[in-house]
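The values are calculated or read from the model by the stated rules, or taken from the named source; none is laboratory data. Note that the structure is predicted; figures quoted are calculated from it, not measured. Here the Cβ positions follow ideal geometry from the backbone for every residue, glycine too, while neighbour counts run over all protein chains shown.
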Amino acid sequence: MEKPGMDHKPRFPAAIRVVFAVARVTFKEIVRDRLLYNILVFSVLLFSVGVLASRAAVVMSAERVILDFGLTALRLSGSMIGIFVGSALLIREVDRRTIHVALSHPITRAQFVFGKYLGLATVLLLNWILSTGAYILLLIGFNDWNFSFTATFGWAVFFAGLEGLFMASAAVFFSTFTTTSLSVIFCIGLYLIGNNISAMRTLAVKSAGSFQGVILDALSRALPNLEHFNLGTKLTYSLTIPGAFLTYGVLYGVALILLFLWAAGLLLGLKEI
């Protein structure tokens, strides 16, 4: 019997507590991974390249070069962590047989996938905060440039983080049925193609009626369009972004992440480990 006056602390459902437990362990493992710090060093170098490029800018103003390179560094940092760390997230557990220990507890494979992803997402969020802070300090300290933080800048930074979260979900998905190396290759291909969907559609229109045109058109419609997350041009030229575009981009990104994670959980459930 419960004693009168006993405090009742609200508790999460058991399924959510399990996911958080897996996420906490995953976060600690990733933070200790040397690969994470190598990517962070690369991001710092890319920021530095942006500063050097701004000094030699001729066609574009130095401020625009800094904006463009800084946003590129922010996007690449999150996406690379998502790809390289996410691709090894599940495979490492299988190779070390630690997944058997985890699944011996009352936890489903779908919960395990979501927990691993949540741990990686936490690392991505921490990286995003630190990289965004460095980006802002760079903009403020660049030759006393009176930089103004616009809504476009805020949304561009937000979508850079969302893109990293999506690439992490794609990496987790690919890692459920292939090797780490192939998962990385698939993700890099998805990233490159997804950021050039408009060019692919243009080629499809020019090749209309041909087999090549049909294939390009099908791929441009089936593959994720990551151009929704790239606001580089709009940021560089201080363009106003319609609210409908922003709303669609957020819903599109969240839907893709949930779809890839659901598929990863489904495939891991069907896989013999």
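Looking at 199, 263, 168 in this structure, which one is over 21 Å from the mean Cα position of the chain (by Cα) and either assigned to a helix (DSSP H, G or I) or at negative phi (or both)? I'd like the intermediate steps shown before the answer.
Working: 263 fails: over 21 Å from the mean Cα position of the chain (by Cα); 168 fails: over 21 Å from the mean Cα position of the chain (by Cα).
Exactly one of 199, 263, 168 is over 21 Å from the mean Cα position of the chain (by Cα) and either assigned to a helix (DSSP H, G or I) or at negative phi (or both), namely 199.
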State which residue is nearest to the chain's Cα centre (by Cα) when the search covers only segment 121-139 and only residues that are more than 22 Å from residue 257 (Cα to Cα) and of a type in the set (A, V, I, L, M).
130
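Among the residues of segment 202-238, write down those that are out of contact with any helix residue (DSSP H, G or I) (no Cβ under 7 Å at 6 or more places or on another chain) and not in a helix (DSSP H, G or I).
First, the residues of segment 202-238 that are out of contact with any helix residue (DSSP H, G or I) (no Cβ under 7 Å at 6 or more places or on another chain): 202, 205-206, 208-212, 214-215, 218, 221-222, 230, 233, 237.
Within segment 202-238, 208, 209, 210, 230, 237 qualify.
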With respect to residue 107, determine if the residue is closer than 22 Å to residue 175 by Cβ, at pLDDT below 85 and buried (at least 16 other Cβ atoms within 10 Å of the Cβ).
yes
In the list 179, 233, which residue meets the criterion of being more than 19 Å from residue 72 (Cβ to Cβ) and surrounded by fewer than 17 Cβ atoms within 10 Å (Cβ to Cβ)?
179
Residue list for segment 250-260, filter: over 13 Å from the mean Cα position of the chain (by Cα) and of a type in the set (Phe, Trp, Tyr):
252
Considering only residues that are among the aliphatic types (A, V, I, L, M) and within 10 Å of residue 135 (Cβ to Cβ), look in segment 44-81 and name the one that is modelled with the lowest pLDDT.
66
Which pairs turn up if I take residues in segment 253-273 that are closer than 18 Å to residue 108 by Cα and modelled with pLDDT of 95 or more and look for partners that are among the polar types (S, T, N, Q) and surrounded by fewer than 13 Cβ atoms within 10 Å (Cβ to Cβ) with beta carbon separation below 8 Å, at least 6 apart in sequence or on another chain?
none
Qualifying residue in segment 226-241 (condition: among the polar types (S, T, N, Q), closer than 24 Å to residue 178 by Cβ and out of contact with any strand residue (DSSP E or B) (no Cβ under 7 Å at 6 or more places or on another chain))
no
Looking across segment 93-104 at residues that are among the charged types (D, E, K, R) and surrounded by fewer than 17 Cβ atoms within 10 Å (Cβ to Cβ), the single one that is farthest from residue 270 (Cα to Cα) is 96
Output the number of the condition that residue 250 fails; it satisfies all remaining conditions of (1) under 17 Å from residue 176 (Cβ atoms); (2) touching a residue at least 24 places away in the same chain (Cβ under 8 Å).
(1)
